[in-house]
Each structure stands twice: as structure tokens, then as C-alpha cells.
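**Student:** Once you've had a glance at the structure underneath, I'll fire off some questions.
The values are calculated or read from the model by the stated rules, or taken from the named source; none is laboratory data. Owing to the predicted nature of the structure, the values given are computational and were not obtained by experimental measurement. When we count neighbours, we look across all protein chains shown, and the Cβ atoms used for this are built from the backbone with ideal geometry, even at glycine. Surface accessibility is based on the protein's heavy atoms, side chains included, excluding ligands, DNA and RNA. Shrake-Rupley method; radii C 1.70, N 1.55, O 1.52, S 1.80 Å.
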Amino acid sequence: MGCGATCWQVLVCVTFCCTFVFVNAEDPYRFFTWNVTYGDIYPLGVKQQGILINGQFPGPDIYSVTNNNLIINVYNSLPEPFLISWNGVQQRRNSYEDGVYGTTCPIPPGKNFTYILQVKDQIGSFYYYPSLAFHKAAGGFGGIRILSRPLIPVPFPEPADDFTVLIGDWYKANHTVLKAILDRGHKLPFPDGILVNGRGPNQTYFTFQPGKTYRLRISNVGLQHSLNFRIQGHKMKLVEVEGTHTLQTTYSSLDVHVGQSYSVLVTADQTAQDYYIAVSTRFTTKILTTTAILHYSNSAKKVSGPIPGGPTTEIDWSLNQARSIRTNLTASGPRPNPQGSYHYGMINLTRTIKLESSAAQVNGKQRYAVNSVSFVPADTPLKIADYFKIGGVFRVGSMPDYPTGKKMYLDTSVMGADFRAFVEIVFQNHENIVQSWHINGYSFWVVGMDGGVWTPASRKQYNLRDAVSRCTTQVYPKSWTAIYIALDNVGMWNIRTEFWARQYLGQQFYMRVYSPVESPRDEYPIPKNALLCGRAIGRRTRPL
């Protein structure tokens with residue numbers, strides 16, 4: 001007998017109830033059922049094959065509150081495997097649910113998988129995206145917002161409304177065409193345009209009531225380029241960056257590097273009419289620009305005048321803005337205690353890691369690497385192989401702590417790290433492009449960035465008091481960025497460039513944060529409903 005909708009609901013309910021034996025029963029649950037399909041989209045006026053979630057492009061927003069449990073049942077109606085990852089959601093003690101191939105088996109075509117996430121001790125603005133193949137170039141992404149619990153003070157009045165703003169560069173070509181270009185060992189051409197919430201120029205509207213203040217959660221979900229965001233005639237007050245309440249600095253425009261998320265407050269304090277929202281590429285010879293519309297509810301006039309200009313290739317402008325973004329030390333985060341109560345600058349470092357990116361040809365094809373190692377996926381997700389102690393899938397230590405100067409080579413690169421270590425990571429960029437780096441499972445303090453080559457003397461200019469804590473940071477051309485990170489989250493965590501073609505062609509690796517105790521206090525056991533693939537086929541997770 002087939003299993004109908006009611007049967008599936010009972011099965012999902014039993015699965016998550018059995019799985020969450022370690023979760024506080026007082027933390028609420030939120031349920032989502034998503035059907036992932038292909039569908040026709042026309043974001044730049046040309047028919048394309050897009051990835052839709054419940055028929056939507058972009059996908060639906062996820063609304064949640066600190067410590068909520070999110071039960072997301074994903075049906076894969078594509079003809080190929082599919083995974084969703086949750087950019088910025090830390091998956092505390094639970095990297096199995098991270099949704100990248102190094103941790104999670106893909107959802108087979110025609111099958112479903114229920115993600116069981118908890119947004120433990122988090123607030124802020126994030127997004128989800130498809131992590132396999134080159135699916136991200138087809139859509140399948142959407143916003144994530146994690147609100148503070150009702151009794152936790154927020155350092156600004158509640159806005160009149162709260163909007164997700166997904167910006168990103170975009171190609172008219174289908175994702176399969178782009179993937180084929182990369183698979184043949186070539187570089188992608190320059191993008192064709194920029195989208196705002198999945199639409200082209202002047203197709204996205206945000207309606208404001210005069211005199212009221214609104215929150216915009218801006219995420220760069222694109223494939224490659226840094227973007228500058230600005231609103232004609234209006235200022236933006238920055239209030240939050242990837243889960244950290246910031247000093248409330250006012251900007252006329254904001255650089256949002258690929259993979260990053262920002263929250264700003266905008267007040268409708270101008271003459272009642274429509275205004276341009278402009279988004280343009282940064283640090284490119286050819287400047288792409290698109291527009292959306294800020295519409296006053298009592299508008300008496302359509303948008304007019306020139307589109308507001310923004311910075312183009314100026315590095316120092318962007319660097320100075322980045323340095324001005326700092327943590328609000330007196331504001332509460334996800335807990336009532338002030339964000340400044342954790343004195344990261346007073347903790348002794350236990351390890352320094354220096355990561356250099358590089359580009360080269362390997363076997364006649366374009367590849368990208370970190371410390372000379374270009375990542376190749378194994379036949380089994382690394383976290384699954386680690387749990388079942390399957391040998392030969394990866395080797396801890398295959399990613400060195402420092403650049404080796406070796407010729408680029410291919411490997412399934414994994415760096416070992418100790419639970420509760422406090423680590424300094426330096427990203428060194430010798431190229432002429434702006435890079436953007438993300439670490440899954442964590443937030444980190446961006447303590448310094450500057451031009452040239454990092455040396456130990458560079459530590460003298462670190463911000464050891466109120467550096468912003470975030471999960472994605474930029475590295476400017478011929479420059480370095482240094483971060484501090486407390487390795488308090490056991491698991492297998494992806495460290496990658498957010499330049500998506502480079503990520504696909506090897507510029508990533510995994511950090512295995514390990515605790516020898518093997519206690520659920522440090523890490524949850526494998527989910528009972530975990531999909532098993534590769535060399536783990538035929539094994540059992542845990543009995544229901």
C-alpha cells in the first residue's frame with residue numbers, strides 16, 4: 001500500500017520527536033514543507049530554467065525566533081540529486097544537517113528528506129541556497145530571519161515592517177550551460193545583469209508609509225561580484241550584520257560582498273514620491289547596475305532623475321567602510337547579556353592558520369586552491385564517513401596550516417582542529433580581485449584587514465575590543481584579512497570562497513573540529529532519518 005500525505009506526516013512527526021531527545025522541550029517548533037521543482041523564469045526578459053520552491057522564485061522566507069526548532073521537509077522533484085544549505089545558521093553540535101556534500105547525503109530525485117535544525121543562540125539575517133552542482137545559478141535560495149525572543153531587548157524600536165532584499169549577479173544562460181563551461185575547464189563570462197528579489201530593473205517594489213521606519217535585510221546571494229546598495233535621497237542606518245547588533249552608523253551606500261548579509265533601517269522622511277533603489281557591481285571594469293523602487297504609499301510622482309551613482313573601483317573607500325562596522329558592545333544578542341561581555345581580545349591564541357588562495361591549470365583544466373590544495377569531493381560525505389569510521393575517504397591533515405609553495409594538486413582536503421581551541425586565521429590574497437570567505441558552523445571576529453602581506457607585526461593594528469562578529473568576510477586585492485574564532489562547535493565544517501565558480505572548482509576545504517569525549521553534550525549523534533550514500537549504503541543510523 002502506498003504512503004499518503006497523512007502517513008508521511010505521521011512518519012515525519014515520529015522521526016523528529018525521536019531525534020530531538022537532546023533539545024529543550026520548551027523550544028517551539030516551526031514546520032515547513034517544500035517541493036523543489038524546475039520551472040520557467042524570465043528575470044532578465046529571457047526564458048530560463050529556474051529552481052522553484054513551492055512554485056516560488058526566490059523561495060519562501062523562513063521566519064523564526066532564537067532557539068526555534070525548524071522542521072523542513074524537502075521533496076526533491078528535480079531529475080537529479082539536490083541539497084539545501086543554510087548560510088549562517090550554525091547547526092550547533094549538528095553538522096549532519098548542514099546541507100553541503102561534505103556533511104549530508106544528497107536527496108535523490110523523487111525522494112524527500114526532513115531537515116531538523118535548531119537556531120540555537122542566534123539572531124539575525126541569513127539565507128539558504130542549493131549547494132550541489134551549479135544549482136545556485138538557477139535559484140532555490142531565500143531569506144532566513146531569526147528574531148530575538150520577546151523578553152530580550154533589541155537596540156532599536158520595532159520597525160513598521162521588515163523586508164528581505166536578495167541581490168546578486170545573474171546569467172541569462174541556464175545553470176547547466178554554466179556548469180558545462182566549468183566542467184570543460186574554462187572560466188565563466190561576465191554576468192548579464194543583477195537581480196533584486198529575483199527580478200530585473202524596476203520590477204521589485206517596496207512600499208513605505210510616510211514618516212515610518214523599515215528594516216531591510218540585504219543579502220548578496222549572487223555568484224561572484226561585490227555589490228553596492230543605495231537608495232535615492234535616503235540614508236541607511238546599519239543595525240545588524242549576520243547575527244551581530246552593530247554600532248548604528250549611517251551610510252549613504254553600502255558594499256555587500258558576495259555571501260554577506262546586512263540589516264539597515266530606512267525612514268520614509270522625504271517628499272512623497274517613488275525613489276530608485278540602485279544596486280551596482282564593485283571593482284569591475286564594466287559596471288552592471290539595476291534598480292528597484294521604494295514607493296511611498298501616498299506617492300504623487302514616479303521615479304525621476306538620474307539613477308544615484310555609487311562607488312565603482314575604489315578599494316580604500318570600501319576598506320574604510322568595512323573598518324567602520326563594529327559590534328555594539330552594550331546591546332544584547334540572542335541572550336540578555338551584552339554582546340561585549342565576551343572579551344575575545346583577552347584570550348590566548350592556541351594556533352595560527354594562514355590560508356592563501358591560488359588559480360592554476362591542473363591536467364589542462366582551470367582549478368582553484370587553498371594552500372595549493374584543490375578540493376575534490378569524495379564518494380561519501382566526510383561527516384558520514386567519520387561517524388561510521390569508514391577508512392580511505394579522507395585524511396585529517398591533508399589541508400596544511402600554512403602555504404607550502406607547492407604546485408597545485410587535487411585532494412579531499414580536511415584540516416584537523418581541537419574542540420575549544422581559540423584560533424587565528426589569516427586570509428592572504430595575492431590576486432587583483434576582491435575575495436569573500438565563509439566558514440560554516442561559526443561566527444568569527446574580523447580583527448584586522450589591510451593591504452600587503454600579513455606578518456606577525458600586523459597584529460599591532462588588530463581591533464581587540466569591538467570587531468564585528470560574522471560568518472563571511474571580504475579580503476581586498478593584494479591584501480589580508482585576519483579573524484579570531486573560538487572552536488566551540490564540534491563537527492565537520494566547510495570553509496570556502498563565496499566566488500561560486502571557484503568554490504565549484506576546488507577553492508574550499510573542511511575543518512574537522514573534534515572532541516575525543518564523543519558525548520551528546522559536545523555533539524548530537526547522527527540523525528535517525530539521515531540519508532546514507534556512497535560507502536555508507538547498507539549501514540544503519542540509530543533505531544527509531
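**Student:** If Ser436 meets every condition in (1) under 22 Å from the mean Cα position of the chain (by Cα); (2) among the small types (Gly, Ala, Ser); (3) over 22 Å from Thr350 (Cβ atoms); (4) assigned to a loop (DSSP other than H, G, I, E, B) apart from one, which number is that one?
**Tutor:** (4)
**Student:** Assess whether Val434 counts as being out of contact with any helix residue (DSSP H, G or I) (no Cβ under 7 Å at 6 or more places or on another chain), more than 26 Å from Thr104 (Cβ to Cβ) and buried (at least 16 other Cβ atoms within 10 Å of the Cβ). Even if it seems obvious, please write down each step before you answer.
**Tutor:** Numbers: out of contact with any helix residue (DSSP H, G or I) (no Cβ under 7 Å at 6 or more places or on another chain): yes; more than 26 Å from Thr104 (Cβ to Cβ): yes; buried (at least 16 other Cβ atoms within 10 Å of the Cβ): yes.
Taking the combined requirement at face value, the residue satisfies it.
**Student:** With Ser398, Ser358 as the choices, which residue is surrounded by 13 or more Cβ atoms within 10 Å (Cβ to Cβ), under 24 Å from the mean Cα position of the chain (by Cα) and of a type in the set (Ser, Thr, Tyr)? Show your work before the answer.
**Tutor:** Values: Ser398 fails: under 24 Å from the mean Cα position of the chain (by Cα).
On inspection, the qualifying residue turns out to be Ser358.
**Student:** Looking at segment 255-263, is at least one residue charged (D, E, K, R), assigned to a strand (DSSP E or B) and touching a residue at least 60 places away in the same chain (Cβ under 8 Å)? It would help to see each step written out before you state the result.
**Tutor:** If we filter segment 255-263 for residues that are charged (D, E, K, R), which is where we start, we get 255.
Going one step further and asking which of them are assigned to a strand (DSSP E or B), we end up with 255.
Right, trim to touching a residue at least 60 places away in the same chain (Cβ under 8 Å) and you get 255.
Yes, segment 255-263 contains a residue that is charged (D, E, K, R), assigned to a strand (DSSP E or B) and touching a residue at least 60 places away in the same chain (Cβ under 8 Å).
**Student:** Another one. Which number in (1) surrounded by 17 or more Cβ atoms within 10 Å (Cβ to Cβ); (2) more than 17 Å from Met346 (Cα to Cα); (3) among the charged types (D, E, K, R) marks the one condition that Glu424 misses?
**Tutor:** Against the list (1) surrounded by 17 or more Cβ atoms within 10 Å (Cβ to Cβ); (2) more than 17 Å from Met346 (Cα to Cα); (3) among the charged types (D, E, K, R), Glu424 comes up short only on (2).
**Student:** Taking Tyr442 and the conditions (1) open to solvent by less than 40 Å² (accessible area, probe 1.4 Å); (2) assigned to a helix (DSSP H, G or I), which numbered condition does it fall short on, given that it satisfies the others?
**Tutor:** Every listed condition holds for Tyr442 apart from (2).
**Student:** Moving on. With the condition kept exactly as written, say whether any residue in segment 316-324 is buried (at least 20 other Cβ atoms within 10 Å of the Cβ), assigned to a loop (DSSP other than H, G, I, E, B) and not acidic (Asp, Glu).
**Tutor:** Just the residues of segment 316-324 that are buried (at least 20 other Cβ atoms within 10 Å of the Cβ), to begin with: 318.
From the residues that got through so far, the ones that are assigned to a loop (DSSP other than H, G, I, E, B) too are none.
Taking every residue of segment 316-324 in turn, none turns out to be buried (at least 20 other Cβ atoms within 10 Å of the Cβ), assigned to a loop (DSSP other than H, G, I, E, B) and not acidic (Asp, Glu).
**Student:** OK, next. Across segment 291-315, which residue is farthest from Thr204 (Cα to Cα) among those that are hydroxyl-bearing (Ser, Thr, Tyr) and buried (at least 17 other Cβ atoms within 10 Å of the Cβ)?
**Tutor:** Of the residues in segment 291-315, the ones hydroxyl-bearing (Ser, Thr, Tyr) are 291, 296-297, 299, 304, 312-313.
From what is left, the residues that are buried (at least 17 other Cβ atoms within 10 Å of the Cβ) are 291, 296, 299.
On the way: Thr291: 8, Tyr296: 14, Ser299: 16 Å.
Among those that are hydroxyl-bearing (Ser, Thr, Tyr) and buried (at least 17 other Cβ atoms within 10 Å of the Cβ), it is Ser299.
**Student:** What are the pairs, 6+ residues apart or on separate chains, where a residue within segment 117-128 that is without any contact (Cβ under 8 Å) to a residue 40 or more places away in the chain has its Cβ under 8 Å from a residue that is aromatic (Phe, Trp, Tyr) and not in a strand (DSSP E or B)?
**Tutor:** none
**Student:** Can you tell me which residues in segment 361-382 are on the phi > 0 side of the Ramachandran plot and surrounded by 21 or more Cβ atoms within 10 Å (Cβ to Cβ)? Don't jump to the end; show me each part of the working.
**Tutor:** Our first condition is that a residue be on the phi > 0 side of the Ramachandran plot; within segment 361-382, this holds for 363-364, 371-372.
Scanning segment 361-382 gives a single hit, Asn371.
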